[in-house]
Amino acid sequence: MTTILPARHLRRGALIAAIVALLAGALAASNSSAARAHQADVKPTIVLVHGAFADASSWTGVITRLQRDGYNVIAPANPLRSLSGDSSYIAGVLAPTPGPIVLVGHSYGGAVITNAAAGNPNVKALVYVDAFIPDVGENIFQLAGTGSQLGGALEFQGYPPFGQTDAEALIKPAMLHEVFAADLSAGTAAVMAAAQRPLALAAGEETTQATAWRTIRSWDVIGLADRAITPDEQLFMAHRANARITEIPDGSHVSMISHPDTVTRVIEQAATATG
């Protein structure tokens, strides 16, 4: 037997169905907006790559400030053995790191991040600090600039693990303050000289194979009193990479140590731009 509902019941059922559909749509829109808001609130991971003659502790002042501001920070040990090997190592650090990523390199670390970030869609910004920004086919020895004091400050040594024909470079302890860290105290520079890590000459001679700065937005902090990589050469590389430039008038080659507030501010500007 077929039951025929009164018209008022049919209208009530249609009204209830319309209200349910409207509420479901509103809930879906709310969830979507919340997801977008959450995504916007997620801060990028900051990866800091140190350069030659140094280790990750050179980033201590910057790390402290970034962590205070709520950023997740990774400061891996750069092997300093070969440009291709060091770049592959840093690329391996980046691979499991969830995006977005702001990748920062100091000095030789700039050459490393230029290669390591190529092809990684999670790297949204590159920040160079007193750094090499090489193009394909260039090595860092070609880019120190006319007037650099670094070459004359180096001493060389070789040990059996690298073979009799291989060598690595260190800065002469008596010259590190003047050439590398003139805006730090003599005592701090003496500690840096004692703790420095050598760079294999093979790393300095090896040419760049990729240029991430061609596809990833870049920022550059340049110490205008840098005696290791001349400011003119740094400005040339920064303009070539179309980087956003911040100059530190009295900054030496280690601006991240002597001017951590400025370097942190630039990194956070890059991080904000990734959103």
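Each value in this text was obtained by applying a stated rule to the coordinates, not by laboratory testing. Everything numeric here is computed off the predicted structure, so don't read it as measured data. Virtual Cβ from ideal backbone geometry, glycine too; neighbours counted across all protein chains shown.
Per-structure values
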{"read-out": "Förster radius 51 Å - calculated FRET efficiency between Ala95 and Thr188, Cβ distance, rounded to 0.05", "value": "0.90"}
{"read-out": "At 0.890 mPa s and 25 °C, Stokes diffusion of the range 43-273 via Kirkwood alpha-carbon radius, µm² per second", "value": "143 µm²/s"}
{"read-out": "Chain lengthening between Ala273 and Asp69 when straightened (0.36 nm per residue, less Cα-Cα)", "value": "71.8 nm"}
{"read-out": "Approximate spin-label separation Leu224-Ser88, in nm, with each point projected 7 Å along Cα-to-Cβ", "value": "4.3 nm"}
{"read-out": "Value of D in µm² per second that Stokes-Einstein yields for the range 150-275, Kirkwood Rh from Cα pairs, at 10 °C (1.306 mPa s)", "value": "97 µm²/s"}
{"read-out": "Sequence of Asp130, Asp183, Asp135 once ranked by neighbouring C-beta atoms within 10 Å, starting from the fewest", "value": "Asp135, Asp183, Asp130"}
{"read-out": "Unit charges at the beta carbon, dipole of the range 230-275: most positive-side option, Ser255, Thr272, Gln234", "value": "Thr272"}
{"read-out": "The range 43-273: antiparallel DSSP beta bridges as a percent of all, rounded to 5", "value": "20 percent"}
{"read-out": "Interchain or long-range residues, amide H under 5 Å from Val49's placed H", "value": "Val104, Gly105, His106"}
